[in-house]
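The values are calculated or read from the model by the stated rules, or taken from the named source; none is laboratory data. All values reported here derive from a predicted model rather than from experimental measurement. Cβ coordinates were reconstructed from backbone atoms using ideal geometry, including for glycine residues, and neighbour counts include every protein chain displayed.
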Ligand code: 13P
């Protein structure tokens, strides 16, 4: 089952909607737009996303947060059921966030293994078919450290094994962050070291690679770098880096958007699929910000703008689904 779910999640020409922002992150984005930071507003916003007409045409799966998986739409239907009816596989973020890694200034480790077996069973009862765990890796002077890479890779592997034991598909997400002024080369090196270690740990922990989805960062310069690589340069650096360390039997790779603009995230994914049509894995998206940004800004808490916001979400989903096939037409965004 975990293999079959993985295949559905990375089915060609569709991608994953990351809507698993913690309450803290969701509230920060709401605050910036003057939206009330209440459970009810978060429910209305997530309802807007999951009830978008036609979502399932471009979106294969959606990652929910603990609060959302327990919520219902106005008519009382649980959120995971709304997604399943729309042909979108529901999943759940199961890590409980990051904490400072002791004796490693500026580095973090992700927590949430304690009691995870029991929590996975509960989430499966609530309708989740896959899970997500995100590790964050900072790049900078003498970072990432060996301690940071090993601690996070070990946790990712233990999480992934627990998911497969529960017949749920793990999204394995080691995110090399865009914060900083490092160049593309430094991102490539960090990504390569991190993924190398992650796959070593996954193997040690007997994780079935054809039943995981790798959620990776693209290989890009830091947000404060002066480098401005072309989409083709990012595509090449990313696929070449991944090609050296990601085994070909991994079900698929779904990229996160990190701090990229909506258009960059689309154009770079498109370039990868155009330049590497024969890559061993499906290359698709699992975007949070790059799918939701325009929709959230359009809604801004106003019930009369729900349909407009849903159109914005569907537009980005369609553009990225096209990019997942290497068939994105920039005209789609000029017209919008
Ligand atoms: P972004 O695409 O906004 O980076 O979010 C994806 C995600 O799930 C981060 O964990």
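From 179, 224, grab the single residue that is within 16 Å of the ligand (Cβ to nearest atom), touching a residue at least 24 places away in the same chain (Cβ under 8 Å) and more than 22 Å from residue 131 (Cα to Cα).
179
Give me the residue from the stretch 249-265 that is outside any loop (DSSP other than H, G, I, E, B) and within 12 Å of the ligand (Cβ to nearest atom) and, out of that set, surrounded by the fewest Cβ atoms within 10 Å (Cβ to Cβ).
The residue in question is 264.
Mind counting the residues in the stretch 100-115 that are touching a strand residue (DSSP E or B) at 6+ places or on another chain (Cβ under 9 Å) and either at positive phi or part of a helix (DSSP H, G or I) (or both)?
2
Can you give me the number of residues within the stretch 289-328 that are within 15 Å of the ligand (Cβ to nearest atom), under 20 Å from residue 32 (Cβ atoms) and in contact (Cβ under 8 Å) with a residue 40 or more places away in the chain? Outline the logic, then answer.
We begin by selecting, within the stretch 289-328, every residue within 15 Å of the ligand (Cβ to nearest atom); these are 289-297, 313, 316-317, 319-320, 323-324.
Add one more test, that the residue is under 20 Å from residue 32 (Cβ atoms), and what stays is 289-297, 313, 316.
The next check asks that each one be in contact (Cβ under 8 Å) with a residue 40 or more places away in the chain; those that pass are 291-292, 295-297, 313, 316.
Matching residues across the stretch 289-328 total 7.
Which residue is nearest to the chain's Cα centre (by Cα), if the candidates are limited to the stretch 273-288 and must be within 16 Å of the ligand (Cβ to nearest atom) and either over 17 Å from residue 333 (Cβ atoms) or at pLDDT below 95 (or both)?
286
Please determine whether any residue of the stretch 67-80 is touching a strand residue (DSSP E or B) at 6+ places or on another chain (Cβ under 7 Å) and within 16 Å of the ligand (Cβ to nearest atom).
Yes - at least one qualifying residue is present in the stretch 67-80.
Any residue at all in the stretch 127-142 that's over 24 Å from residue 61 (Cβ atoms), assigned to a loop (DSSP other than H, G, I, E, B), within 16 Å of the ligand (Cβ to nearest atom) and touching a residue at least 40 places away in the same chain (Cβ under 8 Å)?
Within the stretch 127-142 (the criterion being over 24 Å from residue 61 (Cβ atoms), assigned to a loop (DSSP other than H, G, I, E, B), within 16 Å of the ligand (Cβ to nearest atom) and touching a residue at least 40 places away in the same chain (Cβ under 8 Å)), the answer is yes, since at least one residue qualifies.
Could you tell me whether residue 241 is part of a helix (DSSP H, G or I) and under 21 Å from residue 137 (Cβ atoms)?
yes
Give the number of residues within the stretch 18-59 that are touching a helix residue (DSSP H, G or I) at 6+ places or on another chain (Cβ under 6 Å) and within 16 Å of residue 285 (Cα to Cα).
3
Condition check: surrounded by 15 or more Cβ atoms within 10 Å (Cβ to Cβ), away from the ligand (no atom under 15 Å from the Cβ), more than 19 Å from residue 311 (Cβ to Cβ) and modelled with pLDDT of 95 or more. Does residue 6 satisfy that?
Yes; evaluated as a whole, the condition is true for this residue.
Quick grid of which residues meet (1) within 16 Å of the chain's Cα centre (by Cα); (2) part of a helix (DSSP H, G or I); (3) buried (at least 21 other Cβ atoms within 10 Å of the Cβ):
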| position | (1), (2), (3) |
| --- | --- |
| 161 | no, yes, no |
| 167 | no, no, no |
| 172 | yes, no, yes |
| 175 | yes, no, no |
| 179 | no, no, no |
| 187 | no, yes, yes |
| 193 | no, yes, no |
| 200 | no, yes, no |
| 210 | no, yes, no |
